[in-house]
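The values are calculated or read from the model by the stated rules, or taken from the named source; none is laboratory data. Owing to the predicted nature of the structure, the values given are computational and were not obtained by experimental measurement. Cβ sites come from the backbone with ideal geometry, for glycine too, and all protein chains shown count toward neighbours. These area figures cover heavy atoms from the full protein model, side chains too; ligands, DNA and RNA do not enter into them. Shrake-Rupley method; radii C 1.70, N 1.55, O 1.52, S 1.80 Å.
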There are 2 protein chains.
Amino acid sequence: MANNPRVCVIGAGPSGMSFLYHNNKLKVAGKKCADVVCYEKQSNWGGLWNYTWRTGLDEHGEPCHGSQYRDLWSNGPKECLEYPDYTFEDHFGKCIPCFPPRTVLFDYLQGRWNKSNLRNLVRFNTMVKNVTYNKDTDDFTVMVKDLSIDEDLSPQRFSNVIVATGHFSVPNVPYFDGIDMFPGRILHSHDFRRAREFKGQRMLLIGSRYSAEDISMQCRKMGSGKVICSYRTKPTGFNNWPEGIEERLLLTKVVGNKIHFKDGTTAEVDVIIFCTGYLFHFPYLSESLRLKTKLEMYPAGLYKGTLWMGDGNNKLMYLGMHDQYYSYTMFDVQAEWACAVVAGHLQLPNRNEMGSDITKWRKKQDLLNDEYDDIAFQTKFVCDLAREVGSKYNLDVAALFNKWEDDKHANIATYRDQTYTSVFTENPGIKHHTPWFKAYDDSLETFVNQTPNK
Amino acid sequence: MANNPRVCVIGAGPSGMSFLYHNNKLKVAGKKCADVVCYEKQSNWGGLWNYTWRTGLDEHGEPCHGSQYRDLWSNGPKECLEYPDYTFEDHFGKCIPCFPPRTVLFDYLQGRWNKSNLRNLVRFNTMVKNVTYNKDTDDFTVMVKDLSIDEDLSPQRFSNVIVATGHFSVPNVPYFDGIDMFPGRILHSHDFRRAREFKGQRMLLIGSRYSAEDISMQCRKMGSGKVICSYRTKPTGFNNWPEGIEERLLLTKVVGNKIHFKDGTTAEVDVIIFCTGYLFHFPYLSESLRLKTKLEMYPAGLYKGTLWMGDGNNKLMYLGMHDQYYSYTMFDVQAEWACAVVAGHLQLPNRNEMGSDITKWRKKQDLLNDEYDDIAFQTKFVCDLAREVGSKYNLDVAALFNKWEDDKHANIATYRDQTYTSVFTENPGIKHHTPWFKAYDDSLETFVNQTPNK
């Protein structure tokens, strides 16, 4: 029997950990699997869910991965990201409400990882500096630095590389005329940590997607002054903003603390927060291995949204690089598929067929018109992967996503107070004791213990 | 005649530009010199003097180099950093006051660089990713990325590498118990941009060196609430802090917005600013080329404070890696020395002698007791290099530095109102129209044009 493939997983967030999880499942089942090393820059696993108070650069002088803020509650129902083989009920032993604070979701993730004893597969405080593909030997050379001792380690060789470092960590910050002389504070949502810091301050948020939507609500909840969200192409589409939040066309320039907008209006603000999204940034990958894309439902160059076509080696894979409705479960089924390919349980078609398959999906992407279309599209993608890999689970939660969109559009301030039913347990989530907009206690203990045990 | 050495200069700040300047001087004089390529990550030259409104990561997703704040005025007299062959009077055509705002100093620097037409030697928006030494060919391979097109360029070979990326760009941010739950804003002085942002806010500054000293003064000048500077080993030593600034022993923990100090006292604050210095961080250098040091007057491993002994090749040099009193002129004479070595005008002694020389300086360093000792030590270092390289200039401004220390200790709020006499022009700087603590107009025009032309 040939040696196991030696796989490098970069990043121990939900995507990378899903690869470790499914590879372990193969191992436990006595099937061919990979020998995996997972490098994680941070001192703990969890990726974005490993909250940090730091901003900018971390304790080792490297870019902070974390983009979460302290007051974050899930902006989608937990029933839309629940693992079929490890439900929230499995983890907490009871039903809980549907929009958990970040600590609750992190706890849930860790439960699944701990159950499979995956922690010893992760090398923490270890940063991947460089990955190159060796054509002659059909493998990769990976350069890593041990941040805890500030030292490069000797080069490592791997047969496959799994890129699982996400794409919500490196801020995209465009320039606006005059912003360099704005007298107030300027930050990107990546560096937003505590909504309470903005008490009483008049705010401009640039952007109209999830960050603008949620940070505006968080800031008002915590007592900020008025908030203006400024959009480039289209507004959020919500009609029921609470008092003190409004939307305007994009700003055109900044003069002192006065913002000028395309519609001719002006407003004085104290703070500008860029909610302008993130860059796909893989500084450690050599040119031919590097995905270059904007945020899309189906980025080019990735077969099954996962396998990198660029270098022709079929040995580099990306997890979770899509614009996301599905998250944990999508990463998980991608990882399961990647494990099956790496271990040789799934055969890839030839490159022409793979190219055609990508084209087919991207043509469908061109026809998407709204969020509901997007949800249907991504549901197909997730279910297609599940079928390919022979999963026994039906991961389709499109109906829940559609309800969530309805709820949000009905009222952006109350959508987190709604309940959803798990497709796996068939039990409904319970109603949270306090409406989200007035709920200031986001501790795991309070959230989880508000109902009697089952 | 052998080919010119091909030299890679990393960074187009004062240090790197001084290398280009002196190499150009050799060229103009018809002497043997190097063919130089200077890579600069930013879109303009100036290093720290290229002010940016950005913090954290830059427009390309790379760490922001800039650490300057908008309201910065020089914290030392310009007479202590003046180039002997290009004085402030040469540049501005008249005498000006002694503590210029940042725009005035940047203008001065650019005058010298423009006069020698150095701009076309710099490749802007180009980041060095990796430098390795090739033992077989006794040269370096340098990997660079063109940030403007988001693409790695083909590897470049160089006979020598000059590291001129400074050491005040990557923040050192230690952890304190409870800081992750502090409800207010936390930042490092690296990300401090506008003192006005802190109007009315109660501030804790952690540190007792230049950043703490100046940011506390800046914030009070611009209307902040009270400021506490918290020191680990010793206080700043200033007795005449203006009202509203005090010093305390190091904090021990943070509980909510209450800070606990070693002396048993507590204080509630709204903002914590880390003035805890910077890391020596050269992520692009391979392990054997990399200087690892704390801030010292004479870091280990650098012959004449400049030539890297670590790899045994005598072809890698560092500029400006010392704890600094002298700045522009020290970088300049280091660069002049480096140019002479690279071009073969100066012969290096053998490695034993170089090692002994370093040991000699470092033994002297061990005997330094206070700032005045440091100044004398660094004066000797600068003058020693000038003599080695056959400079016709006497760079000794120790008397000015000593007066500056006296003035600061006499009154930290008024030291910038004092005047100094240029050792090169022998003309005194003129008195600024307004005491610094009440001067809100920091424009170049106002600063330069307050006196009639000569």
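What percentage of all Cα-Cα pairs in region A:64-166 are separated by more than 18 Å? Before the final figure, lay out each step's value.
Details: 3379 of 5253 pairs.
Across region A:64-166, Cα pairs with separations above 18 Å total 64 percent.
By the rule of a C-alpha distance below 18 Å, with chain neighbours fewer than 8 residues away ignored, the lysines paired with A:LYS31 are A:LYS392. Rounded to the nearest 100, the interface formed by chains A and B buries 3500 square angstrom of accessible surface, both chains summed, with a 1.4 Å probe.
Specify which residue in the list B:PHE198, B:SER159, B:TYR326 is farthest towards the positive end of the charge dipole of chain B, using unit charges on the beta carbon of Lys, Arg (+1) and Asp, Glu (-1), about the Cα centre. The residue sitting most towards the positive pole is B:SER159.
When the surface is traced with a 1.4 Å probe over the full set of protein chains, B:ILE358 keeps roughly 20 Å² accessible. Applying a threshold of 25 Å to the alpha-carbon distances of A:LYS292/A:LYS363; A:LYS364/B:LYS145; A:LYS145/B:LYS292 flags A:LYS364/B:LYS145 as lying beyond it. Under Stokes-Einstein, with the Kirkwood radius over Cα pairs as Rh, the value for the protein assembly as shown at 4 °C and 1.567 mPa s is 43 µm²/s. Dividing the radius of gyration of the alpha carbons in region B:173-274 by their Kirkwood radius gives 0.92 for Rg/Rh. Projecting the Cα atoms of A:PRO183, B:GLY61, A:VAL423 onto the charge dipole of the protein assembly as shown (Cβ charges, centred on the Cα centre) puts B:GLY61 farthest toward the positive pole. Considering only A:PRO174, A:PHE261, A:ASN240, and ranking their Cα positions along the charge dipole of region A:173-274 that arises from unit charges at the beta-carbon of Lys, Arg, Asp and Glu, the one farthest toward the positive end is A:ASN240. Only helical runs count toward this figure. For chain A, summing -39,500 (n - 2.57) over DSSP H runs of n ≥ 4 and dividing by all residues gives -8000 deg cm²/dmol at 222 nm. Taking the longest Cα principal axis of chain A as reference, the axis of helix A:328-343 is set at about 20 degrees.
Please report, in debye to the nearest 20, how large the charge dipole of the protein assembly as shown is about its Cα centre when each Lys and Arg carries +1 at its beta carbon and each Asp and Glu carries -1 there. Please report the intermediate quantities before stating the final value.
Values: 108 positive and 110 negative charges, 33 e Å.
My answer is approximately 160 debye.
If you count the DSSP beta bridges with both ends in region B:102-241, what percent of them are antiparallel, to the nearest 5?
Bridges in region B:102-241 that DSSP calls antiparallel: roughly 80 percent.
What does DSSP give for the protein assembly as shown in terms of the percent of beta bridges that are antiparallel, rounded to the nearest 5? Of the beta bridges lying entirely in the protein assembly as shown, close to 45 percent run antiparallel. Each of A:SER356, B:SER224 has its accessible area taken with a 1.4 Å probe; listed largest first, they run A:SER356, B:SER224.
The radius of gyration of the Cα set in region B:107-228, together with its Dmax, comes out at 21.3, 62 angstrom.
I'd like the orientation of helix A:398-410 relative to chain A: the angle between its Cα long axis and the longest Cα principal axis, in ° from 0 to 90, rounded to 10. With rounding to tens, the tilt is 10 degrees.
Rounded to the nearest 10 degrees, the angle from helix A:102-115 to the longest Cα principal axis of chain A is 10 degrees. For B:LYS403, the lysines whose Cα falls under 19 Å of its own Cα, not counting residues fewer than eight places away in the same chain, are B:LYS78, B:LYS380, B:LYS431.
Taken about its Cα centre, region B:258-407 carries a charge dipole of roughly 680 debye when the Cβ of each Lys and Arg holds +1 and the Cβ of each Asp and Glu holds -1.
Taking the accessible area of chain A, probe 1.4 Å, and keeping the other protein chains in place, the carbon and sulfur fraction comes to 49%. Taking 25 °C and 0.890 mPa s as conditions, region A:1-84 diffuses translationally at an estimated 162 µm²/s according to Stokes-Einstein applied to its Kirkwood radius (Cα pairs).
If you average the C-alpha positions of region A:372-429 and of region B:303-358 separately, how far apart do those two centres end up, in angstrom? Centre-to-centre distance over Cα atoms comes out at 64 Å.
Couplings 3J(HN,Hα) for region A:378-391, derived from phi with the Karplus relation 6.51 cos²θ - 1.76 cosθ + 1.60 (θ = phi - 60°), are 6, 4, 4, 4, 5, 5, 4, 5, 4, 5, 3, 8, x, 5 Hz, where x marks Gly and Pro.
Taken over region B:173-274, lysine pairs spaced eight or more positions apart, or on distinct chains, with alpha carbons under 26 Å apart number 14. Within chain A, the ratio Rg/Rh, alpha carbon atoms throughout and Rh by Kirkwood, equals 0.96. Of all DSSP bridge pairs formed entirely within region B:197-273, close to 40 percent run antiparallel. Placing +1 on the Cβ of every Lys and Arg and -1 on the Cβ of every Asp and Glu, with nothing else charged, gives region A:173-274 a dipole about its Cα centre of roughly 160 debye.
Accessible area per residue, 1.4 Å probe, Å², for the protein assembly as shown: what's the number? It would help to have the intermediate numbers written out before the result.
Values: 34750 Å² over 908 residues.
With the other protein chains kept in place, the protein assembly as shown gives 38 Å² per residue.
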